[in-house]
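Trainee: Pasting a structure below so you can have a look.
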Amino acid sequence: MSDVKFDKIALIGIGLIGSSLARVIREKKLAKHIAIATRSEKTLARARELNLGDSYATDNATAVKDADLVIVSVPVGASGAVAHDIAPALKEGAIVTDAGSTKSSVIAQMAPELPAYVHFIPGHPIAGTEYSGPDSGFSTLFVNRWCILTPLPDTEKTALKKLESFWTACGSKIDTMTPEHHDLVLAIVSHLPHIIAYNIVGTASDLEKVTNSEVIAYSASGFRDFTRLAASDPTMWRDVCLHNRDAILEMLGRFSEDLSALQRAIRWGDGEALFDLFTRTRAIRRDIIEAGQEVDAPDFGRRKAGN
Ligand code: NAP
């Protein structure tokens, strides 16, 4: 059992991230009471069936009443509306955080809505799968994964320490950085790969000659790995693109330049340039495996939904 203990944790949004949090909070006994809020009756009913919490509401304000930790895990475009809903009901001294994949936009939406007497500490667990909804979560999602916190200049150290201890108890490693830096780093390591995957899978589906059956039959030759990323939640990724626009456009610009160089190397038969690039990139995958952020298995060792 952990010594991090909250009386009441409110989870706003109970999809992949929210339900994984609910499961680990329960398992590690990190709260006496887990309050769950989600906007639809359907998702709420499923969360209840899965016994993810102690109380359930479709009204966000009801869930956060008396909570000492509030974690918002909804698509980033909905953060401002959620902050507006919960603001009047928040307890003085409560920690309010989020799991959103973009940080500057979430801060711009939430900070003006929240009262000065709560500790707002934005966050982003770098952990996920292509699945969504309350069934897709699992208690070990955050184990050995980074959680990036982007505290504001006036964030109180004790509140930050408490939130760090919470994520550590969930199994995460913690890093702190500015929201701008987070958005730039995530644009290249997460947002761009998803956009490229959406693009290549979209192109394949547009090619009339490559029929569905051929795309599926021969997918093991590389395409399959893109389809995993391109199966990610459309709402979440629409919001990421709209809310990290500048950093994504910057990285897309660099990507396009590098792609042109690669195209030129292929056109002019520059085997040395191709070999050098492919050797450099192979080493990066080795580094990632050595850092424990991936396993060396052909299926990427990723768990399937429901496991
Ligand atoms: P998810 O499985 O799709 O669950 C989304 C939750 O947000 C559900 O409870 C849903 O409620 C609610 N929701 C959807 N649209 C909403 C809206 N307009 N207003 C209020 N609530 C809304 O999503 P997730 O994967 O847990 O992602 C949650 C957050 O974590 C996102 O900000 C995402 O960027 C971030 N994140 C995701 C991953 C990942 O790999 N998936 C990783 C790290 C961070 P209903 O079902 O009741 O509609």
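The values are calculated or read from the model by the stated rules, or taken from the named source; none is laboratory data. All of these numbers come straight from a predicted model, not from anything done at the bench. FYI the Cβ positions are ideal-geometry reconstructions off the backbone, even for glycines, and counts take in every protein chain you see. Note: areas computed on protein heavy atoms with side chains; ligands, DNA, RNA excluded. Shrake-Rupley method; radii C 1.70, N 1.55, O 1.52, S 1.80 Å.
Trainee: Subtracting the Cα-Cα distance from 0.36 nm times the residue separation, let me have the gained length for I196 to L262 in nm, one decimal.
Mentor: 22.2 nm
Trainee: Give me the 1.4 Å probe accessible area per residue for segment 147-280, excluding ligands and nucleic acids, in Å².
Mentor: With all protein chains present, segment 147-280 gives 64 Å² per residue.
Trainee: Computed over the Cα atoms of segment 175-238, what is the convex hull's projected area averaged over all directions, in nm²?
Mentor: It is 5.5 nm².
Trainee: If I take every Cα pair under 8 Å that is 6 or more residues apart in segment 1-59, average their sequence separation and divide by the length, what percent do I get for the relative contact order?
Mentor: Relative contact order comes out at 37 percent.
Trainee: Right, next: Taking the Cα centre of segment 56-207 as origin and charging only Cβ (+1 Lys, Arg; -1 Asp, Glu), how large is the dipole, in debye to the nearest 20?
Mentor: It works out to roughly 360 debye.
Trainee: Quick one: putting +1 on the C-beta of Lys and Arg, -1 on the C-beta of Asp and Glu, what dipole do you get for segment 43-117 around its Cα centre, in Debye to the nearest 20? Kindly include the intermediate steps, with their values, before the conclusion.
Mentor: Details: 5 positive and 9 negative charges, 36 e Å.
The dipole of segment 43-117 has a size of about 180 debye.
Trainee: Still on this structure, please answer the following. How many nm is it between the label spots at K173 and R26, if each spot is 7 Å from the Cα in line with the beta carbon?
Mentor: 3.0 nm
Trainee: When Lys and Arg each count +1 and Asp and Glu each count -1, what net charge do the other residues less than 14 Å away from D85, Cβ to Cβ, add up to?
Mentor: Result for the neighbourhood of D85: -1.
Trainee: So what is the relative contact order for the chain, in percent, with contacts set as C-alpha pairs under 8 Å and at least six apart?
Mentor: The normalised contact order for the chain reaches 16 percent.
Trainee: Please report the carbon-and-sulfur percent of the accessible area for segment 133-206; probe 1.4 Å, protein heavy atoms only, DNA, RNA and ligands left out.
Mentor: That fraction is 61 percent.
Trainee: A further question follows. Relative contact order, percent, of segment 1-139 when contacts are C-alpha pairs under 8 Å separated by at least 6 residues?
Mentor: Relative contact order here is 30 percent.
Trainee: Binning every alpha carbon pair distance of segment 63-132 at 10 Å from zero, what are the percents per bin?
Mentor: Per 10 Å bin, starting at 0, the Cα pair percentages come out as 21, 55, 21, 3.
Trainee: With N denoting the number of residues in segment 31-160, provide Rg(C-alpha) divided by 2.2 N^0.38 Å, to two decimal places.
Mentor: That ratio works out to 1.03.
Trainee: I've got another one for you. Can you give the Rg to Rh ratio for segment 1-49, taking only C-alpha atoms and Rh from Kirkwood?
Mentor: Result for segment 1-49 is an Rg/Rh of 0.99.
Trainee: A further question on this structure: For segment 169-305, max minus min Cα coordinate along each principal axis, in Å, sorted largest first?
Mentor: 49, 37, 33
Trainee: Still on this model: For the chain, list the DSSP H helices whose alpha carbon atoms reach 15 Å or more along the long axis and whose average Kyte-Doolittle value is -0.5 or above?
Mentor: Length and hydropathy pass: 16-28, 157-169, 192-206, 245-267, 271-290.
Trainee: How big is D for the chain, in µm² s⁻¹ as a whole number, if Stokes-Einstein is applied with the Kirkwood radius of its Cα pairs at 37 °C and 0.692 mPa s? Write out the running numbers ahead of the final one.
Mentor: Numbers: Rh = 20.8 Å.
Using the Kirkwood radius from Cα pairs, D works out to 158 µm²/s.
Trainee: Right, another one. Cα centroid distance between segment 233-295 and segment 110-154, in Å?
Mentor: Going from one Cα centre to the other spans 26 Å.
Trainee: Check the straight Cα-Cα distances from K173 and name the lysines below 20 Å, setting aside those fewer than 8 residues away within the same chain.
Mentor: Within the straight-line cut-off, K173 pairs with K5, K28, K29, K103, K157, K161, K162.
Trainee: Here is a further query. For I36, what residues show an amide H to amide H distance below 5 Å, using hydrogens built from the backbone and excluding near sequence neighbours?
Mentor: Here the answer is L11, D54, S55, Y56, A57, since their amide H atoms fall under 5 Å of that of I36.
Trainee: As an exercise, take the mean of 1/r over every pair of distinct alpha carbons in segment 1-108, invert it, and state the Kirkwood radius in angstroms.
Mentor: Hydrodynamic radius (Kirkwood, Cα pairs) of segment 1-108 is 13.6 Å.
Trainee: Of the options V24, G77, W237, report the single residue whose Cα projects farthest towards the positive end of the charge dipole of the chain (beta-carbon charges: Lys, Arg +1; Asp, Glu -1).
Mentor: V24
Trainee: Which FRET efficiency value, to the nearest 0.05, do you get for A111 and T281 by plugging their Cβ-Cβ distance into 1/(1 + (r/R0)^6) with R0 = 30 Å?
Mentor: So the FRET efficiency works out to roughly 0.20.
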